[in-house]
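Every number in this text was worked out from the coordinates using simple rules, so none of it is lab data. None of the values given here were measured: they were computed from a predicted structure. Reconstructed Cβ throughout: ideal geometry from the backbone, glycine too, with neighbour counts over all protein chains shown.
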Amino acid sequence: MLVTWRYRPRRSLIQSFDPRAWLIFFFCFMASSLMFWDLRFLLPLLLIALVTILTSGITWRESRRAWLFIGGFVLFFALLTFLTGRGGVEHYAQEHLITTLRAPFTLLGWRPRVDVTVERTMFACSQLVRVFSVASMTILIPYSLDPTLYGITFRGLGLPDKIAYAMELTMRFIPTYARDFQLTLDAQRARGYELEKLRGGLFAQVRKLAPLIVPVTIHAIAASEDIIDAMDLRAFGVGPRTWLQQLRYRRRDRVLIVLAVMLVVASAALSLVGYSRLWVPAWALAWAGG
Amino acid sequence: MDRRLISVVGALVAVLVFFLLIVWIGGAINDSLKLDETALLRFLFVIIGLLIVFGVYWFTRSSGVWEVGTRQVVYMAIGAALYAVFSYLFNGTVFAVPSVSQVALRPAIAIPMFFGYAFGPAVGFFTGAVGNMFGDALTGFGLSPQWSVGNGLVGMIAGMAQLFPNKKKGINVVLIVSAVLAAIGVLFYALNTGQANMMFFDPDQGIFGDATITWFAGLSVLIGFVLVLIVRFAFGQNIDVASAVTWSMLGNLLGIGFAAISDIWINGFPLAVAIVGEFLPAAGPNLIFAAILVPILVAAYAAVQRQTGR
């Protein structure tokens with residue numbers, strides 16, 4: 001049995017567009033975000049993401065788990081960057097110290113300390129904005145893309161029939177296998193299996209994962225015979241495929257695609273002339289005594 | 001070659017040439033006109049990776065291994081979905097993934113290897129590339145398309161086993177090539193033992209990819225290679241298991257190698273950092289997981305095949 005994502009028809013900005021147009025916009029948006037570390041260019045992108053989220057019509061109740069997960073993930077990475085300065089080293093050569101925080105305790109004679117510098121703070125902020133924009137736009141997609149349109153959407157984006165259908169099946173299988181994994185985990189737990197307490201060395205631990213991975217995989221392959229039979233009975237892949245639903249670009253979809261292409265071209269041009277690097281405001285440097 | 005393929009390859013080559021022109025000619029005219037090191041270059045390496053795939057396809061197209069029928073379409077989808085789900089579950093954010101000596105338990109890589117070996121290179125490539133893409137999207141990692149292509153190569157190369165009608169001969173060639181690659185990796189480790197392991201994160205201990213690589217992680221490629229060798233000879237009778245683990249090993253070394261080496265340009269890593277900090281701690285543990293899980297999957301699948309008679 002297939003389990004689906006939590007799509008339902010909503011009156012929202014994102015669902016008022018053709019799904020192909022929205023995916024093109026999404027990929028252009030993601031490519032543009034990835035080109036910049038400069039907060040001045042990342043903030044407008046964040047604004048686009050926020051408008052999309054707030055007009056998406058997805059309630060907090062439906063998407064609570066996804067947002068908590070993304071929120072935890074984004075904060076964790078920003079904090080990690082801030083505490084260690086890791087990841088930023090490629091972006092700035094010199095750091096201007098604001099203050100040094102010292103822990104009020106020592107661990108075996110070592111006092112944990114954090115150097116708060118202008119560059120590190122700016123880098124952490126930029127990363128927070130960047131990761132949040134991309135992650136939040138990504139999680140909106142399963143909520144707002146009609147599962148009956150997956151195949152024709154990928155076909156419409158230029159993929160061959162078979163690959164478009166494989167993409168459609170992939171998106172449909174993901175929630176199903178997540179459910180199967182949970183069922184298998186519960187069944188194995190009822191037999192005394194404990195994922196949280198894997199003992200032994202690395203080799204023993206890997207071997208102990210087999211009771212989870214093998215049943216889920218083999219069941220998926222064995223159960224696929226029904227799908228293969230159903231597809232063969234309908235002569236899948238014999239001739240050019242027709243799709244039950246048709247998609248037509250309207251004016252607003254064309255406008256969105258043009259805007260998306262302009263966004264990515266402008267971002268690429270700006271990044272080529274050197275506006276993509278980390279931006280540190282001059283007043284902050286002056287304030288830090290730089 | 002049919003016309004669609006010509007147009008796809010033509011477009012890829014055109015984009016590649018365009019990028020190279022910007023880098024070389026543009027850079028010579030105007031100093032500030034350089035490719036941004038993090039974003040645009042990723043796409044360049046995706047194109048290089050796809051051209052490698054097309055090249056391999058072109059030279060082996062006369063054999064039937066690239067055929068995509070109903071069965072392959074469904075297996076592609078199953079493989080990609082399973083890979084996405086497992087990499088999401090075991091990336092350390094859902095379960096607390098245990099780690100032994102800087103090697104975290106990330107068993108998902110066995111999926112593209114097994115699907116590639118069992119169902120051919122096309123299924124393997126789709127499983128690795130699309131599965132990695134969806135897995136990253138589920139986690140919210142954004143996009144590292146060069147790693148998606150690298151994972152696709154892992155599955156594709158595992159599927160190249162079907163090109164050799166004489167499995168024993170294929171295994172021997174693969175073992176020799178892999179031994180050379182593993183030896184190069186170990187040599188790099190021996191020359192750079194102080195390098196940080198950039199794939200290892202443990203927030204509880206305050207380690208964020210900056211701890212010095214342990215000897216276990218540094219030598220994990222060698223350990224994995226020995227493990228594969230043991231499986232190959234212990235299952236000498238079952239040529240399927242032996243062939244699956246050895247080809248998976250080669251796929252892993254070349255696919256992850258492609259992604260790590262592309263980071264030399266993308267993230268500006270020196271060669272030693274890319275190999276010792278990224279390639280060894282990613283590819284070595286993968287080999288260990290493959291050597292243990294791929295044989296179990298191959299044996300279980302053989303039992304299903306016997307039962308259903310397919």
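What FRET efficiency would be calculated for the residue pair A:PHE76, A:ARG254, taking the C-beta separation as r and a Förster radius of 56 Å, to the nearest 0.05? Each step should come with its number before you reach the end.
On the way: r = 40 Å, r/R0 = 0.71.
The value I calculate is 0.90.
Counting pairs of alpha carbon atoms under 8 Å apart in space and at least six apart in sequence, what relative contact order in percent does chain A give?
Working: 282 pairs, mean separation 104.6, N = 290.
Computed value for chain A: 36 percent relative contact order.
Where the convex hull is taken over the Cα atoms of the protein assembly as shown, what is its projected area averaged over directions, in nm²?
Values: hull surface 119.9 nm².
One quarter of the hull surface, i.e. the mean projection, equals 30.0 nm².
If I take R0 = 22 Å and measure r between the Cβ atoms of A:VAL261 and A:LEU157 in this structure, what FRET efficiency does the formula 1/(1 + (r/R0)^6) give, to the nearest 0.05? Intermediate values should be presented prior to the final figure.
Working: r = 14 Å, r/R0 = 0.63.
Efficiency for this residue pair is about 0.95.
Other chains near A:271-277: what is the mean number of their Cβ atoms within 10 Å of each residue's Cβ? Don't skip to the end; give the middle numbers.
Values: counts 7, 9, 4, 5, 2, 5, 3.
Taking the mean over all residues of the peptide, I get 5.
Just to confirm my numbers, what's the Cα centroid distance between segment A:133-183 and segment B:244-310 in Å?
26
If you scale each eigenvalue of the Cα gyration tensor by 5 and take the root, what three semi-axes come out for segment B:67-308, rounded to whole angstrom and sorted largest first? Mind dumping the intermediate values first?
Details: eigenvalues 152, 88, 52 Å².
Value: 28, 21, 16 Å, ordered largest first.
Roughly what would the spin-label model give for A:ALA187 and A:LEU285, points 7 Å off Cα along C-beta, in nm?
The two pseudo-label positions are separated by 6.3 nm.
Mind checking which of B:LEU287, B:VAL186, B:GLY124 is farthest towards the positive end of the protein assembly as shown's charge dipole, using Cβ charges of +1 (Lys, Arg) and -1 (Asp, Glu) about the Cα centre?
Result: B:GLY124, furthest along the dipole toward the positive end.
How long is the gain from A:ARG6 to A:THR59 if the chain were fully straight, where each residue apart is worth 0.36 nm and the alpha carbon distance is subtracted? Write down the numbers at each step before the final one.
Working: separation 53, 0.36 × 53 = 19.08 nm, distance 1.12 nm.
That pair, A:ARG6 and A:THR59, stretches by 18.0 nm at full extension.
Under 20 Å Cα-Cα from A:LYS208, which lysines qualify once same-chain neighbours fewer than 8 residues away are excluded?
Cα-Cα hits under 20 Å: A:LYS197.
For segment A:52-68, take each phi angle, set θ = phi - 60°, evaluate the Karplus expression 6.51 cos²θ - 1.76 cosθ + 1.60, and give the result in whole Hz per residue in order, putting x for glycine and proline.
4, 5, 5, 9, 6, x, 8, 7, 4, 4, 6, 10, 3, 4, 4, 5, 5
Order these peptides, B:297-308, A:118-129, B:115-126, by their mean beta-carbon neighbour count within 10 angstrom, highest first. Before the final figure, lay out each step's value.
Values: B:297-308: 15.0, A:118-129: 21.1, B:115-126: 29.2.
Highest mean packing first, the order is B:115-126, A:118-129, B:297-308.
Round to the nearest 0.05 the FRET efficiency obtained for A:LYS197 and B:ILE230 when R0 = 30 Å and r is the Cβ-Cβ distance. If you can, show how the numbers build up before the last one.
Values: r = 28 Å, r/R0 = 0.93.
Working from the Cβ atoms, E equals 0.60.
Using +1 on the beta carbon of Lys and Arg, -1 on that of Asp and Glu, and nothing else charged, what's the dipole of chain A about the Cα centre, debye to 20? Please list the in-between numbers first.
On the way: 33 positive and 19 negative charges, 107 e Å.
Result for chain A is approximately 520 debye, rounded to the nearest 20.
Over the whole of B:127-137, what's the average partner chain Cβ count within 10 Å per residue? Rounded to a whole number, please.
Working: counts 2, 0, 0, 5, 2, 0, 1, 5, 1, 1, 8.
Mean inter-chain Cβ contacts per residue within 10 Å come to 2.
Shielding by partners for A:199-211, please: the mean number of other protein chain Cβ atoms within 10 Å of each residue's Cβ.
Working: counts 1, 1, 2, 14, 7, 2, 8, 14, 3, 1, 9, 7, 1.
Whole-number average of other-chain Cβ neighbours for A:199-211 is 5.
For the pair B:GLN237 and A:LEU233, how long in nm is the line joining their label points, each one 7 Å along Cα→Cβ?
For the pair B:GLN237/A:LEU233, the computed spacing is 4.1 nm.
Please state the charge dipole magnitude for the protein assembly as shown, taken about the Cα centre, from unit charges on C-beta atoms (+1 on K and R, -1 on D and E), reported in debye and rounded to the nearest 20.
Details: 46 positive and 31 negative charges, 233 e Å.
Here the size comes out at about 1120 debye.
Cα-Cα pairs above 23 Å in segment A:162-290: how many percent? It would help to have the intermediate numbers written out before the result.
Values: 5612 of 8256 pairs.
Counting every Cα pair in segment A:162-290, those more than 23 Å apart make up 68 percent.
Taking θ = phi - 60°, what integer Hz values does the Karplus form 6.51 cos²θ - 1.76 cosθ + 1.60 yield along segment B:218-223, in sequence order, with x for Gly and Pro?
x, 9, 5, 5, 5, 4
Taking each pair of different alpha-carbon atoms in chain A once, compute 1/r for the pair, average those values, and report the inverse of that mean as the Kirkwood hydrodynamic radius in Å to one decimal. Could the numbers behind the result be given before it?
Values: mean 1/r = 0.0432 Å⁻¹.
For chain A, inverting the mean 1/r across all distinct Cα pairs yields 23.1 Å.
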